[in-house]
Amino acid sequence: MKKFIYYLSRVLSIIIVCFFAIFILEGFSPEFSWQDSLSHFILAFIFLTITIVSWKKPLIGSWFFIAAGLFFLFGTGSNIIIGIVPLLTGILFLIEGFVLKK
């Protein structure tokens, strides 16, 4: 069970980074400007940084994922899945951090 939580949290964090990174490519469409790509690049970079922190220090990184998930759930009014996945990832990193601490 420890390995499942360990790998699931990491896979979900990579999926989040890839999700925001794929939208960088929308800047090549005539309907979108370079500012749209820049905003998605910044989001992808922020989540990549959170992922790196979480891999090295799961307890610290988990709170960043939880904060980002709560921000997307309640702060932006966007799709609920965009908020649930970082929240779940943060909870998994939090569980992993407490399991490794013991």
Conditions (1) at pLDDT 85 or above; (2) surrounded by fewer than 16 Cβ atoms within 10 Å (Cβ to Cβ); (3) under 24 Å from Gly97 (Cβ atoms): number failed by Ile42: (3)
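This table checks each residue for (1) out of contact with any Asp or Glu (no Cβ under 7 Å at 6 or more places or on another chain); (2) part of a helix (DSSP H, G or I); (3) free of Cβ contacts under 8 Å to residues at least 12 places away in the same chain; (4) not small (Gly, Ala, Ser).
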position: Glu31; (1), (2), (3), (4): yes, no, yes, yes
position: Ser39; (1), (2), (3), (4): yes, yes, yes, no
position: Leu48; (1), (2), (3), (4): yes, yes, no, yes
position: Thr51; (1), (2), (3), (4): yes, yes, no, yes
When residues of the range 72-87 are limited to those that are of a type in the set (A, V, I, L, M, F, W, C) and surrounded by 14 or more Cβ atoms within 10 Å (Cβ to Cβ), the one modelled with the lowest pLDDT: Ile82
Unique residue being among the charged types (D, E, K, R), exposed (fewer than 12 other Cβ atoms within 10 Å of the Cβ) and in contact (Cβ under 8 Å) with a residue 60 or more places away in the chain when the list is Lys2, Lys56: Lys2
Residues satisfying the stated conditions in the range 39-93, i.e. closer than 26 Å to Glu26 by Cβ and polar (S, T, N, Q): Ser39, Thr49, Thr51, Thr76, Ser78, Asn79, Thr89
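The values are calculated or read from the model by the stated rules, or taken from the named source; none is laboratory data. Because the structure is a prediction, the values reported are computed rather than measured. Methodologically, a virtual Cβ is constructed for each residue, glycine included, from the backbone with ideal geometry; neighbour enumeration extends over all protein chains shown.
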